[in-house]
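As structure tokens, the structure follows; a few thoughts come after it.
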Amino acid sequence: MNLDLHYSKLAQSSQEGIHNDQYDIDTLIEAPNDSRRGLTVLTRPDESVTSKIQVFLAELRAIEPHQYYYPSSDIHITILSIISCFPGFSLDSISSTDYIEIVRQSIHGIPPISIQYKGIMLSPAGVLIKGYPQNTALHELRTRLRKNFKNSHLQQSLDKRYTLQTAHSTIMRFTKPLQQKDQLFELVNKYDMHDFGHFKAKNIELVYNDWYQRRENTRKLSDFSLQTTV
């Protein structure tokens, strides 16, 4: 996949939609009765990268203070959504050890995932940071996970919403109508190719999570270490 082309098409479409007041406002993010839960394999950027992201978010918050901004603890890259969030899903309905075992089998021989965060962009629902894999580890791991879970008897909803191929991270969501669209576009253009840094993800997680991967609603089921190959 040509990530630059993919990101560029999405960014152009999103900016046109936002300009015409056609974007998604999330009305559930503060809802105490939001019971949507799912099962996700993910990884997280390191502190040196998230600190740079927060500098950008401080500028963004000054323009649009009433939107939802991800804290550093919640910023992540989804490797694969095993069970997409849906209302009422509970760990009591599955055997988490079976899911852990498939992830464990899938990571064998996969090296750390190398990611470059470079630039930000608008989506119909908020702001993303653009991630670029620097090796094949992410693609190989997703391929193995898809194959192993689809060959299992376990409950799953792989690729039902869309086939995940990017390495982006959501860092802000629209929760209110935008007040300063022109300033938002100007800031997005300013950071379009900004270098937020490179990191090697040596650990991945299997988590039970809400729609937003908020720490207080996330239960880590297992950590997995990706081994450096010689």
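Report, ordered by chain and residue number, the aspartates and glutamates lying within cross-link reach of K202, taken as a straight Cα distance under 12 Å and ignoring same-chain residues fewer than 8 apart. Filter leaves D46, D223. Once the chain from Y68 to L28 is taken as fully extended at 0.36 nm per residue, the excess over their C-alpha distance is 13.3 nm. Working note: Debye formula, equal point scatterers on the alpha-carbon atoms of the chain, no solvent; log10 I(q)/I(0) at q = 0.10, 0.17 Å⁻¹ is -0.47, -1.34. In this structure, the residue pairs whose Cα-Cα separation is over 26 Å, taken from K9/K118; K52/K150; K150/K200; K118/K150, are K52/K150; K150/K200; K118/K150.
Can you tell me, using C-alpha contacts under 8 Å and at least 6 residues apart, the relative contact order of the range 1-123 as a whole percent?
Relative contact order for the range 1-123 comes out at 38 percent.
The mean sequence separation of alpha-carbon pairs under 8 Å and at least six residues apart, normalised by the residue count of the chain, gives a relative contact order of 33 percent. What does a probe at R104 reach in the range 190-222, counting residues whose amide N is under 13 Å from the point 7 Å along Cα→Cβ? Residues 222 qualify, since their backbone N sits under 13 Å from the label point. Quick check: the distance between the Cα centres of the range 1-42 and the range 107-181, to the nearest angstrom? If we compute the Cα centre of each part, the gap is 12 Å. Per residue, the accessible area of the chain comes to 50 Å², computed with a 1.4 Å probe over protein heavy atoms only. Judged by the gyration tensor of its Cα atoms, with axes a ≥ b ≥ c, the range 1-82 is rounded; a/c sits under the 1.5 cut.
Of the residues L154, L28, L80, the one that moves most in a GNM of the chain with alpha-carbon contacts below 10 Å is L28. With helices as the sole contributors, the chain gives -9500 deg cm²/dmol at 222 nm; each DSSP H run of n ≥ 4 counts as -39500 (n - 2.57), and the sum is divided by every residue. Across the accessible surface of the chain, with the other protein chains kept in place and a 1.4 Å probe, carbon and sulfur atoms take up 47 percent. Taking the Cα centre of the chain as origin and assigning +1 to Lys and Arg Cβ atoms and -1 to Asp and Glu Cβ atoms, the resulting dipole is close to 640 debye. Extension gain for Q180-V55 works out to 43.1 nm (0.36 nm per residue, less the C-alpha to C-alpha distance).
The values are calculated or read from the model by the stated rules, or taken from the named source; none is laboratory data. Note that this is a predicted model, so its numbers are computed, not measured. Virtual Cβ from ideal backbone geometry, glycine too; neighbours counted across all protein chains shown. Areas reflect the complete protein model, heavy atoms only, side chains present, ligands, DNA and RNA absent. Shrake-Rupley method; radii C 1.70, N 1.55, O 1.52, S 1.80 Å.
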